[in-house]
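Undergrad: Quick one: the structure is below, questions incoming.
Values quoted throughout were computed directly from the atomic coordinates according to the rules given, and no laboratory measurement underlies them. Bear in mind the structure is a predicted one, so any value in this text is a computation, not a measurement.
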Amino acid sequence: MKNLTRYLVLAAKLLVFLLVLGFALKNSHTVIFYSYLDYVWQAPLIVMLGLTFVLGALMGVLALLPALFRLRRELARKPQVVESDTGTQTDMPVV
């Protein structure tokens, strides 16, 4: 069963790769990016879309960093609870 899952994941990755490759080949036209200070950049559409995706993912990670650091700081301040090895103390009532 583990091998079947591995092959299905590999097939899904191959399918996604082929779809992206086909998209890139169909959209190889040059597009023009106009920026501030009369900066102009020409590149294929798939390059522009890829850079936009990467920049968006990077911005998302950067937006999550303050919350991540705050949670790690809160976790470090909490006292560590040591569980006993007997395992007889539980919060569940005995029925």
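Undergrad: So what's the angle, to the nearest 10 degrees on a 0 to 90 scale, between helix 45-77 and the longest Cα principal axis of the chain?
TA: For helix 45-77, the angle is close to 20 degrees.
Undergrad: Also, quick follow-up: Out of (i) 69; (ii) 79; (iii) 50, which label holds the value of percent of Cα pairs over 16 Å apart that was computed here?
TA: Computed from these coordinates, percent of Cα pairs over 16 Å apart corresponds to label (ii).
Undergrad: If you line up the long axis of helix 2-26 against the longest principal axis of the chain, both from Cα atoms, how many degrees apart are they, to the nearest 10?
TA: It works out to around 30 degrees.
Undergrad: Okay, moving on. Given the DSSP H assignment, sum -39500 (n - 2.57) over each helix run of at least 4 residues in the chain and divide by its residue total; what's the result at 222 nm in deg cm²/dmol, nearest 500?
TA: Working: 2 runs with 58 residues, N = 95.
Mean residue ellipticity at 222 nm (helix-derived): -22000 deg cm²/dmol.
Undergrad: Once a ≥ b ≥ c are taken as the square roots of the eigenvalues of the Cα gyration tensor of segment 22-66, is the result rounded (a/c under 1.5), prolate (a/b larger than b/c) or oblate (a/b not larger than b/c)?
TA: It comes out oblate by the Cα gyration axes.
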